[in-house]
Amino acid sequence: MRLLITGANGHLGIRLIRRINETRPNDEVVAIVRSEKAAAALRQEGLEVNIRVVSYTDSAGINLAGQGAEVIIHLVGIIKESAANPFEMAHQKTSAALVEANLDASHIVTLGILGSEHSSDNSCFVSRAASDAILQAGPIPTTVIRVPMVLGPGDYASRALAKNGASGLALCFRSSSLEQPIYSMDVVDAIMSAVSLIPADRIIELAGPESLTRKALIERAGRLLVNRPTVLSLPIALGYSLAWVLEKTSSNPPITRAMLGVLDHDDAINTRAATNLLGLTLTPLDEMLRNVLTD
């Protein structure tokens, strides 16, 4: 099978390609990245992959790179927009370009964000919902897998959690926010399972095995790091005010109101339907934390 992966140079993309190389050695992987820098970084991973540098909004370039692909795995997306890379460009326009590429693939599998709804007050969630809808309105059946916080060795979320868990005083916005983190390799396995599903337009909501407050998650991380952090909850309104100031004073702020809203989303779903469909056994939270906090 020939697989086309967009946004392949991120943590998940690299882990996915490695898993394909290990478990499906006869599959050919074509990875689309948008810069020579990203291509060079991906080459250093030592993977069996055909790397193409193509803009994610270049439908003609995607068509050329994707010839013969049977399944497309679309991993492009952001939670923080900037003046140079707004949500519409990162989400709707990349999905539109993928549709306009007019490839002969039988199935698209794309990763989304839990909480994405057209009716949301959050511009990131609205953009992601619109992006998913564009793909499902196209000619290729599309499976959307929506996930919350993903924890994997060495990634940003895991490093931030490790820092809080190891500190004496952990500051966070709205410590009562509900988290349901999922292990990165479970997401990789979910994508691989979805590739083998009968092609259809579907939305799968998937999360980790436990939903708990942000405070409890930090304390659980601290326990595994042999520490007992004191968690101080800051008002979420303070975070939004700070983000608003940063948006007004920077073309690429470190945090935005939309990003904060995504991170603050309450995640508490029943995963049984998703895991049954995908044949997936979720990694228990403590095992997940051991894997990512002691890496």
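How many residues are of a type in the set (Ser, Thr, Tyr), under 17 Å from residue 111 (Cβ atoms) and surrounded by 23 or more Cβ atoms within 10 Å (Cβ to Cβ) when one looks only at the stretch 129-169?
Going through the stretch 129-169, the residues of a type in the set (Ser, Thr, Tyr) turn out to be 131, 142-143, 156, 158, 167.
Applying the additional criterion that residues be under 17 Å from residue 111 (Cβ atoms) yields 131, 142-143, 156.
Adding the requirement that they be surrounded by 23 or more Cβ atoms within 10 Å (Cβ to Cβ) leaves 131, 142-143.
Number of matching residues: 3.
Quick one: which helices (runs of 4 or more DSSP H) lie wholly within the stretch 205-295 and hold at least 2 residues that are surrounded by 20 or more Cβ atoms within 10 Å (Cβ to Cβ) and without any contact (Cβ under 8 Å) to a residue 60 or more places away in the chain? Step through it out loud before you land on a result.
Details: elements: 214-224, 236-249, 257-263, 272-278, 285-293.
In the stretch 205-295, 214-224 are the helices (runs of 4 or more DSSP H) which contain 2 or more residues that are surrounded by 20 or more Cβ atoms within 10 Å (Cβ to Cβ) and without any contact (Cβ under 8 Å) to a residue 60 or more places away in the chain.
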Practice prompt. Output the residues belonging to the stretch 34-62 that are among the aromatic types (Phe, Trp, Tyr) and without any contact (Cβ under 8 Å) to a residue 24 or more places away in the chain.
Written response: none
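Given the residues 69, 65, 31, 84, which is the only one that is surrounded by fewer than 21 Cβ atoms within 10 Å (Cβ to Cβ) and in contact (Cβ under 8 Å) with a residue 12 or more places away in the chain?
Details: 69 fails: surrounded by fewer than 21 Cβ atoms within 10 Å (Cβ to Cβ); 65 fails: surrounded by fewer than 21 Cβ atoms within 10 Å (Cβ to Cβ); 31 fails: surrounded by fewer than 21 Cβ atoms within 10 Å (Cβ to Cβ).
Matching residue, one of 69, 65, 31, 84: 84.
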Worksheet entry | Tabulated pairs, the stretch 11-23, first more than 16 Å from residue 43 (Cβ to Cβ), second among the aromatic types (Phe, Trp, Tyr) and part of a helix (DSSP H, G or I), C-beta under 9 angstrom, 6+ apart or interchain | 11/156
Response to the item:
Apart from one, (1) within 19 Å of the chain's Cα centre (by Cα); (2) in a helix (DSSP H, G or I) all hold for residue 163; the odd one out is (1)
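A short reminder: the numbers here are calculations on the coordinates, not readings from a lab. What you are looking at is a predicted structure, and each value in this text was computed from that prediction instead of being measured. Positions of Cβ are generated from backbone atoms using ideal geometry, with glycine treated the same way; all protein chains shown enter the neighbour counts.
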